[in-house]
Structure formats: C-alpha cells, structure tokens
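Written out below as structure tokens is the structure these notes cover.
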Amino acid sequence: MARPTLGDLFIKLAEPDEDGFSRQVSVQEFVDEYEGLRLGNGGSWCRDDGPLARRFNVRRNKAKGKIVSVELQGFKKQPIMKPIPSHVREKITGQPCAVLAVRSVEVDHKDGRRDDPRLTDPAKVTVDDFQPLSKAVNVAKRQHCKQCRESGQRFDARRLGYLVSQFKGNGVYHGTCVGCYWHDPRRFNAEVSRPLG
C-alpha cells in the first residue's frame, strides 16, 4: 500500500466537498498529526507544480509575504473539445431556458471554459453537464465567460441583483466554474435561496 503523501494529509484535514472545494485551512492547524504540513520556503507540498495541484486548484493565501492559509478551489481540468451527444441534445432541447423559461433553446455546456476531460468520454457525459439556454442568454453567458478567461475574475452575480457573487469559491477563477451564476443558473438560485426555505 502506498504511503500517504503530504497532499493526502492536507486533503484529510481540509475535507474538500464533492466539487473539490475546501475551507481555508490556517497554517496554525499544522500541528500534531498534521505537523508534516508545516511550510518551509515556498510551501513545497502546495506548490502549483506539485502532486496536490495536479488534482486540485490550490490557493495559497498570504499576509506580509508569508502563506497564512491554504484552500482547495475545485478539481483541476485541462482544455479539451467536447461534442454534445445526440441523446443529450434531444433531452435538453425539450426543456425551457434555465434563465428565461422560453422554449426556443440552445444546448449549452455548463462549464464556460469547456475544459473538463471527463467529457471527452461519451460514456461519462450526462445530461447534467449541459443546460438549455435561449440564444440571447447563451450569447450573454459566452461574453461573461470570455471576460472571465481574459481577466481571471469570475462573474459577480450581484450585478443581477443577488446578494452574493458566487455560492462557492470567490471572485477569482481558480480552475473551476462551479459556484458561478453562469455555470448553472438553476443551481445558483437553489443554493442562494436555501436560507429562505
């Protein structure tokens, strides 16, 4: 059996959710069982070129030039082409637009960067990877995703009147679209409405 890595130890401490997001783990928590995570020069186990960063988008939060906490910001992906299977296209085109509830829709990849390697395998593609959007909404989403790619800043849903910018992550893109309004408007609405229910 392979010996656990420091990355594995951090995952145990951080307890990322099903989307690969974790809380901010303070370096002050690196004690006892987790003492091996203490950071030397540059944070060896949490660097961008390390094993942990091959699986997750790792964010190192700094204060006065020193790492003060580490968090996981979703699973790592690589750019790929993703055709839409016909069975998915048929299912999605029968649904109303996720934003405007009109029936004339296009089939949209929820992931605005279109870089999830799982979607290259037709056997792994699910209907939930896509959403119905009207042409106007899809054009708007495409523009906001382009701005995110260029700036690294995620769409701020407060511009649409919501009280939060994203329901997961923060305003900076860290390798995943999960939590952004445009990734899944229906889920976004459900997540931000939870306290009211």
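Side notes on the structure shown:
- In segment 11-61, GluC sites (Glu not before Pro) in a DSSP loop with at most 10 other beta-carbon atoms within 10 Å: E18
- Average projected area [Cα convex hull, the chain], square nanometres: 14.1 nm²
- Percent breakdown of C-alpha pair distances by 10 Å bin, ordered from the shortest bin, for segment 86-196: 14, 45, 34, 6
- Around the amide H of S69, modelled in the peptide plane, lie the amide H atoms of V27, N61, all under 5 Å away and 5 or more residues distant in sequence or on another chain.
- Cα convex hull of segment 6-75 - mean projected area over all directions, nm²: 4.2 nm²
Each value in this text was obtained by applying a stated rule to the coordinates, not by laboratory testing. Remember, it's a predicted structure, so these values are computed and weren't measured experimentally. Quick reminder, even Gly has a Cβ in these numbers, built from the backbone with ideal geometry, and neighbours come from all protein chains shown.
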